[in-house]
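First comes the structure, then the notes that go with it.
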Amino acid sequence: MSQEEIQIPRKITNQLLHLAQISPDYEVCGLIGSKNGLPTHCYPIKNVAEHPQQRFLLDPGQHISAMTKMRELGEDLFAIYHSHPAAPAQPSAYDLELTAYPEALYLIISLNTKGILEMRGFKMHQKTALEIPLIMNDD
C-alpha cells in the first residue's frame, strides 16, 4: 500500500531544524497544527522526560494549551515532532511504545548525520512505523 507524500512548508521545516540545532544535547519536541491538511503553526513544547538526551515527553500543561490554541485557530493536529540528537531520524522502540495519536504524523529530526540535518516523517500505529515521503514547498 503506497502512502501519499506529505507537503511541509519550508518555513516550518526551517523552524524545526533550527529548534533541533539550538538544543543539540536534548530532544526537542512539540506539535504542528494544520488547516485543510496543510501545516500552519509550530508549537514547541518543553521536554519533561527524565532523560531528555534520549527521550521526549511533552509537558502536560503546555500540551493542553497548544491543543487549545489550535482549536481557537481552527487548526487540526497535524504532527508531533521531536529530535534525536545522537541517533538516526527513525522511531526508537520507546517512540513506538508511546504512540498516542495514530492519525498524526510523527516527524523526527536527526542531528546525527555528519552535520547534515535530516527530517523524516512516519505514521505510527500499534508499535509499527510507516515512513511517509516529505516534500518541502515554499508556501
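Quick look at the numbers
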quantity	calculated
Equivalent-ellipsoid semi-axes of the chain, from the Cα gyration tensor, Å, largest first	20, 18, 16
27 Å Cα-Cα reach of LYS11 towards lysines, excluding residues that sit fewer than 8 places from it in its own chain	LYS35, LYS46, LYS69, LYS114, LYS123
Selected from TYR101, TYR26, TYR81 as most flexible by GNM, with the chain as the system and alpha-carbon contacts under 10 Å	TYR101
Solvent-accessible area, 1.4 Å probe, carbon plus sulfur percent, for segment 54-139	56
Rounded to the nearest 20 debye, dipole of segment 68-139 from Cβ charges on Lys, Arg, Asp, Glu	260
Computed accessible area, ARG10, all protein chains, 1.4 angstrom probe, square angstrom	100
Accessible solvent surface per residue of the chain, calculated while the other protein chains remain in place, 1.4 angstrom probe, Å²	56
Cβ-derived FRET efficiency at R0 22 Å, ILE22 paired with HIS125, nearest 0.05	0.10
Computed lengthening from GLN7 to LEU96, 0.36 nm per intervening residue step minus Cα-Cα distance	29.7 nm
Solvent exposure, largest accessible area first (probe 1.4 Å, DNA, RNA and ligands not counted), of THR40, THR13	THR40, THR13
Cα pair distances exceeding 15 angstrom across segment 1-48, given as percent	52
Computed lengthening from THR68 to GLN53, 0.36 nm per intervening residue step minus Cα-Cα distance	2.6 nm
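The values are calculated or read from the model by the stated rules, or taken from the named source; none is laboratory data. Predicted, not measured: the structure shown is a model, and the values here were computed from it. Here the Cβ is made from the backbone with ideal geometry for all residues, glycine too, and neighbour counts use every protein chain on show. Ligands, DNA and RNA are excluded from the accessible area calculation, which covers all protein heavy atoms including side chains. Shrake-Rupley method; radii C 1.70, N 1.55, O 1.52, S 1.80 Å.
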